[in-house]
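I have placed the structure first, in the form of structure tokens, so that the comments after it can refer back to it.
The values are calculated or read from the model by the stated rules, or taken from the named source; none is laboratory data. From a predicted model like this one, the values you see are computed outputs, not experimental measurements. Counting neighbours? That spans all protein chains shown, and the Cβs are built from the backbone with ideal geometry, glycine included. Calculation scope for accessible area: heavy atoms of the full protein, side chains included, ligands and nucleic acids excluded. Shrake-Rupley method; radii C 1.70, N 1.55, O 1.52, S 1.80 Å.
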Amino acid sequence: MATDYGREMMCFDSLKTGRFVTGPALVAQACYGRLTTPRGMLRGGEAEDNYGLDLTELVGGTNTKSLEASFPGRIVAELEKDERIESESITVDVLALRSTDGTVSFQITINAVTGAGPFELQLLASAVTVELLGVTTA
């Protein structure tokens, strides 16, 4: 029997009225929210105080190699807080992309497994925004 996480309106970059996500796509959407929410922005208790890793706050440092190396560990640590993800299944690949004007962005690919199946979440993070490149579920 498959795990049921319910359903929510699709809301990666913007609310998609009438479109819903379920299963691994719902967990991927929650991961996107975790990686675009500044820590401490949610109201509530201790769990809410420790929620979030705003990738845009991290991008733009002077040591690109150090940042690129630290991204996987930081992302995994944040995503492991979601009980729906099998923590040992999370892999993160990061590729630094330098534009002609010298700015750096990071292409991030996250693979994870939930009780409802696997998903791949692809993001492009810059100092200004985190762009959703794609979500793939099995």
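Rounded, prolate or oblate, given the Cα gyration tensor of segment 38-106, with a/c below 1.5 counting as rounded?
oblate
Please compute the net charge surrounding Val21, taking Lys and Arg as +1 and Asp and Glu as -1 over other residues with Cβ under 10 Å from its Cβ.
Charge balance near Val21 sits at +2.
How large a share of the accessible area of the chain, in percent, is made up of carbon and sulfur atoms when the probe is 1.4 Å and the other protein chains stay in place?
Whole-percent figure for carbon plus sulfur exposure: 50.
Specify the angular offset, from 0 to 90 degrees and rounded to the nearest 10, of the alpha carbon long axis of helix 23-34 from the longest principal axis of the alpha carbons in the chain.
That works out to roughly 40 degrees.
Please give the per residue accessible area of the chain, computed with a probe of 1.4 Å over protein heavy atoms only, in Å².
Dividing the accessible area of the chain by its residue count gives 56 Å².
First select every other residue whose beta carbon is under 12 angstrom from the beta carbon of Val130; then total the charges, Lys and Arg +1, Asp and Glu -1.
In short, -3.
Shape of the chain from its Cα gyration tensor (a ≥ b ≥ c, root eigenvalues): rounded if a/c is under 1.5, otherwise prolate when a/b > b/c, or oblate?
The shape class here is prolate.
With θ set to phi - 60° and the Karplus curve 6.51 cos²θ - 1.76 cosθ + 1.60, what are the ³J(HN,Hα) couplings of segment 106-112 in order, to the nearest whole Hz, using x for Gly and Pro?
10, 8, 10, 10, 10, 10, 8
First check a/c for segment 62-138, with a ≥ b ≥ c the square roots of the eigenvalues of its C-alpha gyration tensor; if it is under 1.5, answer rounded, and if not, answer prolate when a/b is larger than b/c or oblate otherwise.
prolate
Between the helical axis of 64-79 and the dominant principal axis of the chain, each derived from Cα atoms, what acute angle in degrees is found, rounded to the nearest 10?
Roughly 20 degrees between the two axes.
Let me check I've understood the local charge: for Asp93, count other residues with C-beta under 11 angstrom from its C-beta, Lys and Arg +1, Asp and Glu -1. What total comes out?
-2
Would you be so kind as to identify which of Thr100, Gly45, Thr22 lies farthest towards the positive end of the dipole of segment 21-102, taking Lys and Arg as +1 and Asp and Glu as -1 on Cβ and the Cα centre as origin?
Going by the Cα projections, it comes out as Thr100.
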